[in-house]
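Some notes on the structure that comes next.
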Amino acid sequence: MNKRVASTLSGNAVLLGVLLMLLGDFMFSLNDAMGKWLVASFSVGQVLVIRSLGAFLVLGPMIARQPIAVLYNVERPGLQILRVVFATGDLALFYAAVVYLPLADVMTFYMAGPIYVAALSHFLLGERIGWRRWLAVLVGFAGVVIALRPSSEMLTWPSVFGLIGSFSFALTLVLNRRLRGTSDATLVTWQTVAGLIAGIFLSVGNWSPFNVGELLALLLLGIVACIAHLLITRSLKLAPASVLAPLQYTLLLWAVILGWLFFGDLPDTQTWIGAGIIVFAGLFIFHRGNVKQDTEAVVPTDSSHG
């Protein structure tokens with residue numbers, strides 16, 4: 001009876017973890033759509049500033065519950081700074097890209113993040129990647145090239161922003177794995193502080209007046225992102241990463257739906273083909289990682305651009 005109860009509780013925990021991951025992914029997608037709407041009226045720097053202030057409304061109670069020393073007495077300060085730089089670049093470049101590109105197009109670039117992580121992990125984390133996963137990495141890169149459109153448009157600034165932003169996103173994930181001993185609240189706090197500082201510099205000379213409704217929307221951007229991050233963090237404590245990893249591709253589905261509902265954007269055939277190849281390659285990498293019993297499946301546990 002005890003084993004049956006334990007099995008039932010374990011199954012319920014996994015189910016709850018899956019539901020929290022799905023809800024967290026939806027909220028990240030909602031956050032992305034809100035960001036695209038707001039950067040149409042306000043500069044990227046201004047959005048970063050007020051978004052960061054909104055995030056602190058959620059982070060404040062979390063910071064208050066832990067000793068202040070936890071924030072500055074961290075492991076590997078050099079890597080912490082590097083992670084903050086990449087995370088801030090990821091966020092700023094994402095918003096810069098969605099000003100000009102459909103949400104689903106930018107998200108397609110970011111869905112290649114785990115593919116980059118698989119390749120980078122071989123060199124930066126010492127994880128052995130077999131020939132099957134290397135082949136999947138190459139296939140995933142081919143999907144990115146297709147989505148980028150191999151033409152003169154491939155070098156347009158919005159596409160470059162999306163491409164570099166997604167690579168920064170991948171480097172942030174790799175550093176998250178190197179810094180797994182640092183508390184989640186500490187990682188997000190410094191990332192938010194960096195976003196605030198970068199936003200202040202970027203908004204100099206680019207600050208637009210706003211009404212109360214717009215201010216609340218800008219603050220809500222940070223609140224939604226923080227809650228999404230907390231939901232996904234909790235989900236990873238309830239269910240195996242190998243179960244949750246494929247669910248991140250619902251971000252692309254939501255990007256298509258929300259992009260169509262709010263902006264009237266739909267991906268063209270070439271973007272669909274590229275996205276399909278990226279998703280296939282990413283799922284295969286997850287599968288092989290699970291088969292090889294890697295120490296950790298590649299899952300974006302950080303709020304990153306969202």
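Quick one: what are the phi-derived ³J(HN,Hα) couplings along the range 214-228, Karplus 6.51/-1.76/1.60 with θ = phi - 60°, whole Hz, x for glycine and proline?
Working through the residues one at a time gives 5, 4, 5, 5, 5, 5, 4, 4, x, 5, 4, 4, 5, 5, 4 Hz.
Rounded, prolate or oblate: which fits the range 196-259, taking a ≥ b ≥ c as square roots of the Cα gyration tensor eigenvalues, rounded meaning a/c under 1.5, else prolate when a/b beats b/c? Let's see the in-between values first.
Numbers: a/c = 2.58, a/b = 2.12, b/c = 1.22.
Prolate is the answer for the range 196-259, as a/c is 1.5 or above and a/b outweighs b/c.
Each residue of the range 97-109 in order: what ³J(HN,Hα) in whole Hz does its phi give by Karplus 6.51 cos²θ - 1.76 cosθ + 1.60, θ = phi - 60°, with x for Gly and Pro?
Calculated HN-Hα couplings, in order: 6, 6, 4, 10, 10, x, 4, 5, 5, 5, 5, 4, 4 Hz.
Would you please state the base-10 log of I(q)/I(0) at q = 0.15, 0.19 1/Å for the range 12-139, with intensities from the Debye formula using one equal scatterer on every alpha carbon?
For the range 12-139 at q = 0.15, 0.19 Å⁻¹, log10 I(q)/I(0) is -1.10, -1.32.
What residue among Tyr100, Tyr249, Tyr72 has the largest mean-square fluctuation in a Gaussian network model of the chain, using Cα springs under 10 Å?
Tyr72
Output ³J(HN,Hα) for the range 18-35: one whole-Hz value per residue in order, computed from phi by the Karplus curve 6.51 cos²θ - 1.76 cosθ + 1.60 with θ = phi - 60°, and x for Gly and Pro.
Once θ is set to phi - 60°, the couplings for the range 18-35 become 4, 5, 5, 4, 4, 5, x, 5, 4, 5, 4, 5, 4, 4, 5, 5, 4, x Hz.
Can you check what the net charge comes to around Val39, using other residues whose Cβ is under 13 Å from the Cβ of Val39 (Lys, Arg +1; Asp, Glu -1)?
Overall, the nearby charge balance is 0.
What's the Cα-based Rg to Rh of the range 80-162, Rh via Kirkwood?
Working: Rg = 14.2 Å, Rh = 14.0 Å.
Using only Cα positions, Rg/Rh for the range 80-162 is 1.01.
Compute the Cα gyration tensor for the range 2-291, then decide on rounded, prolate or oblate, letting a ≥ b ≥ c be the square roots of its eigenvalues: rounded whenever a/c is under 1.5, prolate when a/b is larger than b/c in the other cases, and oblate in all that remain.
Numbers: a/c = 1.41, a/b = 1.06, b/c = 1.33.
Rounded.
For Val39, what residues show an amide H to amide H distance below 5 Å, using hydrogens built from the backbone and excluding near sequence neighbours?
Amide H neighbours of Val39: none.
Which residue fluctuates most in the GNM of the chain (Cα springs below 10 Å): Val99, Val188, Val243?
Largest GNM mean-square fluctuation: Val243.
Can you pull out the trypsin sites (Lys or Arg not before Pro) in the range 101-147 that DSSP calls coil and that have at most 12 other Cβ atoms within 10 Å? Please list the in-between numbers first.
Details: sites: Arg128, Arg132, Arg133; in loops: Arg128.
Those that pass, being in a loop and sparsely packed, are Arg128.
Per 10 Å bin from zero, what fraction in whole % of the C-alpha pairs of the range 43-82 is there, up to the bin with the longest pair?
24, 33, 39, 4
Could you identify which residue out of Asp90, Asp268, Asp32 has the top mean-square fluctuation in a GNM of the chain using Cα springs shorter than 10 Å?
Comparing Asp90, Asp268, Asp32 in the GNM, the peak value goes to Asp268.
Only the coordinates and a few stated rules stand behind these numbers; no lab work does. Predicted, not measured: the structure shown is a model, and the values here were computed from it. Neighbour counts run over all protein chains shown; Cβ positions are idealised from the backbone, glycine included.
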